[in-house]
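Structure record follows, encoded as structure tokens.
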Amino acid sequence: MESLKGQIFNKLFLSDSTPTYDEIADNLGIKRTQVVKEAVDGFRNNPDNRNVLGDIKRLKGLFNNKRKIYKNEFKFRSFEEFYRWYKNTYNDLGGACKYCGTPEGDIKKLVVDLSKSKRAVTRGRHLEIERRNSSSDNNEYSPDNCTLCCYICNNAKSDIFQNEQDFITIGAAIGEKVKGMLLKNV
């Protein structure tokens, strides 16, 4: 059974809607003061949770954007399912691009370094959602058909390479090039 703190966290931050403290208290059969204490003291005022809450906010924006744009092709049933898929996939990949293997932190550094001399970069600081297979018979954003990759690989693969296997060699070459660029910028 999940802890009370975990239940409050899920309802407060991972639900598709934004429930009130009263709604959470009613749903869990506890007092509103308990919900407020956990939400404020346990999550919002805890410096260790700031990155987690920032990630949740960013991922919720990504979830809502994808769901809006890809209505029928977007198969994640809830934000909680999407969030857990993202975090599990990120951990499984060791925080690195599926195709080139470059860690997210290195891609972020490269993007920031390049943006100093070019237009402001709006993408590229985090791993992006990529459909493994984008053929017409399987063009959906679903837990089974998605992975995480860097901005560079996501743009290069686009829909030209409809199957992830077709892109593996290219992804490896991109990884080598990115490593060289990072060494040059050190």
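Place a +1 charge on the Cβ of each Lys and Arg in the chain and a -1 charge on the Cβ of each Asp and Glu, then give the dipole magnitude about the Cα centre in debye, rounded to the nearest 20.
Computed about the Cα centre, the dipole is about 800 debye.
Take the Cβ-Cβ distance between N91 and M181 as r, set R0 to 30 Å, and report the resulting FRET efficiency rounded to the nearest 0.05. Numbers along the way, then the final one.
Values: r = 26 Å, r/R0 = 0.87.
That pair, N91 with M181, gives E of 0.70.
Can you put E164, E23 in order, fewest other beta carbons within 10 Å first? Write out the running numbers ahead of the final one.
On the way: E164 19, E23 15.
The fewest-first ordering by Cβ neighbours comes to E23, E164.
Equivalent-ellipsoid semi-axes (√(5λ), Cα gyration tensor) for the chain, whole Å, largest first?
35, 21, 13
Using only DSSP helix segments of four residues or longer, with each worth -39500 (n - 2.57), what per-residue ellipticity at 222 nm results for the chain after dividing by its residue count and rounding to 500?
It lands at -16000 deg cm²/dmol.
Treating only the Cβ of Lys, Arg, Asp and Glu as charged (+1, +1, -1, -1), what charge dipole size does region 26-106 show about its Cα centre? Round to the nearest 20 debye. Please report the intermediate quantities before stating the final value.
Details: 17 positive and 11 negative charges, 94 e Å.
Magnitude of the dipole: close to 460 debye.
Assuming 0.36 nm per residue, please report the length gained on full extension of the stretch I160 to K31 beyond their Cα-Cα distance.
41.0 nm
How big is the convex hull of the Cα atoms of region 1-105, per residue, in Å³?
Measuring per residue, one finds 128 Å³ for the Cα hull of region 1-105.
Just to verify a number: FRET efficiency for D48 and N133, C-beta to C-beta distance, R0 = 45 Å, to 0.05?
Working: r = 38 Å, r/R0 = 0.85.
FRET efficiency, D48 to N133: 0.75.
Would you work out the charge dipole size for region 143-182 about its Cα centre, treating the Cβ of every Lys and Arg as +1 and the Cβ of every Asp and Glu as -1, and quote it to the nearest 20 debye? List each step's numbers first, then the result.
Numbers: 3 positive and 5 negative charges, 51 e Å.
Computed charge dipole of region 143-182: roughly 240 debye.
What residue among N91, N133, N27 has the largest mean-square fluctuation in a Gaussian network model of the chain, using Cα springs under 10 Å?
In this elastic network of the chain, the residue with the biggest mean-square fluctuation among N91, N133, N27 is N27.
Helices from the chain with mean Kyte-Doolittle at least 0.0 and a Cα length along the axis of 27 Å or more, per DSSP H: which?
Membrane-span-like by this rule: 164-185.
Readers should treat all values here as calculations from the given coordinates under stated rules, not as data from a laboratory. Computed from a predicted structure; not experimentally measured. Counting neighbours? That spans all protein chains shown, and the Cβs are built from the backbone with ideal geometry, glycine included.
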